[in-house]
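The values are calculated or read from the model by the stated rules, or taken from the named source; none is laboratory data. All figures in this text were calculated on a predicted structure; none of them were measured in a lab. Cβ placement follows ideal geometry from the backbone for every residue including glycine, while neighbour counts extend to all protein chains displayed. When the accessible area is computed, the model is the full protein with side chains, heavy atoms only, and any ligands, DNA or RNA have been set aside. Shrake-Rupley method; radii C 1.70, N 1.55, O 1.52, S 1.80 Å.
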Amino acid sequence: MAELWWIYSKPVPADGRELWTLFLQCSCITVVIGGLFYNWMFASLEYSWHLSVAMAISFSPLLLLTLFLVHPARCVFSMIMPTLGTKQGRKLLFSTCIMIAVVNITPNIISNIKTMLQVIKCICKNSSDSLLNSTALLETVSWEFGDAIQETIHSIYKPMNGHFRFSLLQNSSLIYQKMHLAGEKISREFLSVEVLVKDSVRVANRLAAGFFMLYLCFESTWYLKNYLTNLRFDNFYITKKLERLAADRGAAHLLVGSSKKLMRPRGLKLSWEEVVLCLVQAMVVTVALMLMLVVVAMDHFAFSVADTAVTKAAQFSAVPVTLNIKYKVEIGITPFLFKVFGRRSEELLLGDFNKTYHHYLVFNSASCRISPPTPPNPSVLLVVGLLFCILYSTVFLETYARRLCRDIAASFFPSCEDKRVLHLYRKLARRHRK
């Protein structure tokens with residue numbers, strides 16, 4: 001592995017064997033990165049597979065030529081990997097989490113809201129049907145009651161017409177049509193909102209992911225540029241070259257006296273500034289986690305409400321309605337004469353009507369088409385949880401990722417590393433003399 005890395009980091013291969021080894025290394029890297037690039041575009045950014053394949057095929061040969069022919073490009077590309085463990089890599093992971101939430105969690109919330117609206121629509125339709133059927137009952141009652149009035153014994157007391165007409169039944173189709181149109185309008189509005197939200201977030205996520213990826217390359221290039229041009233940049237590590245230089249010049253005590261200000265690149269110790277930076281970044285990740293938990297809680301709440309609405313709607317019982325009509329017509333026979341003789345007045349019964357009618361108001365029906373509520377997808381929650389675990393790990397590994405970037409740059413440009421070590425040694429010597 002050390003020999004392969006030495007061939008990979010050399011500016012120019014020494015012979016044909018190293019040349020072919022370098023070409024095979026670049027080819028393997030290109031195949032892996034091309035596959036990851038296709039998966040990133042197709043699965044994460046949701047481009048079509050035709051475009052993803054075309055971009056991956058176009059990107060891979062360009063990457064192969066760049067890595068094989070340009071030595072600084074190999075260094076920048078190698079530093080991109082540990083840079084993924086810094087804040088730029090976290091931005092890409094944040095973008096992935098947002099895309100997962102938009103593609104999987106948000107449609108689930110909207111689907112459960114649609115289920116609740118379907119329940120409300122079903123209850124409204126069945127209750128209106130029951131009310132309209134009650135008007136048919138009233139019409140039947142009115143005609144029977146009218147017939148009873150017409151059947152009085154004495155035609156002199158017979159009314160001209162005892163029937164009633166209900167015109168509400170004639171508008172039942174209009175009511176159904178208006179309810180159907182209202183439901184269709186609500187469905188279209190929800191669909192348009194869902195499509196608008198998904199498209200907007202998809203475009204924003206694509207732009208953000210592209211920007212973060214370009215900035216990731218820019219940050220690696222910026223680090224290499226500062227490493228090559230500024231001897232003081234990120235130069236406070238006790239490396240093996242510095243230890244050998246101090247030992248050769250008999251100044252090993254310089255490193256012992258400055259151990260509090262210098263760090264070992266492969267040590268686990270963190271400076272106070274690095275600890276504070278980790279805590280700040282952890283707070284940022286925690287805020288993002290809280291926002292994601294709010295979205296997940298909304299998903300569970302929408303499912304719970306939709307499931308309760310469907311269950312309770314299925315348990316609605318019919319409400320019995322009883323209509324009782326009592327009708328009696330009597331006429332008194334010469335009441336004045338009976339009062340004179342002190343006898344009780346007698347009445348003649350002309351008509352008697354006493355009937356009870358039953359009706360039921362129904363709020364639910366088996367004919368209603370209600371889509372079952374969609375439970376939250378546990379695999380989505382697992383993926384989001386895993387991504388946030390990676391985010392928290394990158395917070396504390398960011399310092400070591402930057403140290404690894406320095407080791408990579410030092411292995412690609414050993415002459416520049418010698419100058420940086422000599423500069424740090426002279427700085428420590430001047431400080432010791434003062």
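Here the Karplus curve 6.51 cos²θ - 1.76 cosθ + 1.60, taken at θ = phi - 60°, turns the phi angles of the stretch 91-107 into couplings of 5, 5, 5, 4, 4, 5, 4, 5, 5, 5, 5, 6, 6, 10, 7, 4, x Hz, with x standing for Gly and Pro. Calculated FRET efficiency, residue 62 to residue 5, Cβ-Cβ distance, R0 = 30 Å: about 0.80 to the nearest 0.05. Under a 5 Å amide H cut-off, with hydrogens placed 1.01 Å from N, residue 321 pairs with 359, 360, 361 among residues at least 5 apart or on other chains.
Using the Cβ of residue 55 as centre and a radius below 15 Å, the other residues enclosed give a net charge of 0, where K and R count +1 and D and E count -1.
For residue 73 and residue 282, the difference between the fully extended length at 0.36 nm per residue and the C-alpha to C-alpha distance is 72.0 nm. Placing dummy labels 7 Å off each Cα toward the beta-carbon, the span from residue 389 to residue 253 is 5.2 nm. Cross-link pairs exceeding 28 Å between alpha carbons, from the set 87/427; 114/312; 240/427; 185/312; 225/427: 87/427.
Among 143, 272, the order of accessible area from largest down is 272, 143, computed with a 1.4 Å probe on protein heavy atoms. Residues 285, 275, ordered by accessible area of protein heavy atoms at a 1.4 angstrom probe radius and largest first, appear as 275, 285. Protection proxy ranking of 37-43, 89-95, by the mean of other Cβ atoms within 10 Å over each peptide's residues and highest first, is 89-95, 37-43.
Using R0 = 56 Å, the C-beta based FRET efficiency linking residue 225 and residue 377 works out to 0.80. With 10 Å bins beginning at zero, the pair-distance distribution over Cα atoms of the stretch 71-132 amounts to 18, 20, 17, 14, 11, 9, 6, 3, 0 %. Computed over protein heavy atoms with a 1.4 angstrom probe, the accessible surface ordering of 3, 273, largest first, is 273, 3.
In order along the stretch 219-232, the Karplus-derived 3J(HN,Hα) couplings, from 6.51 cos²θ - 1.76 cosθ + 1.60 at θ = phi - 60°, round to 5, 5, 5, 5, 5, 5, 4, 5, 5, 7, 10, 10, 6, 8 Hz, and Gly and Pro are given as x. Database remark: amide H of residue 237 closer than 5 angstrom to the amide H of 263 (H placed geometrically; neighbours at sequence offset of 5 or more, or on other chains; Pro and chain starts carry no H). FRET efficiency for the residue 318 to residue 204 pair, using the beta carbon distance and R₀ = 45 Å, is estimated at 0.35.
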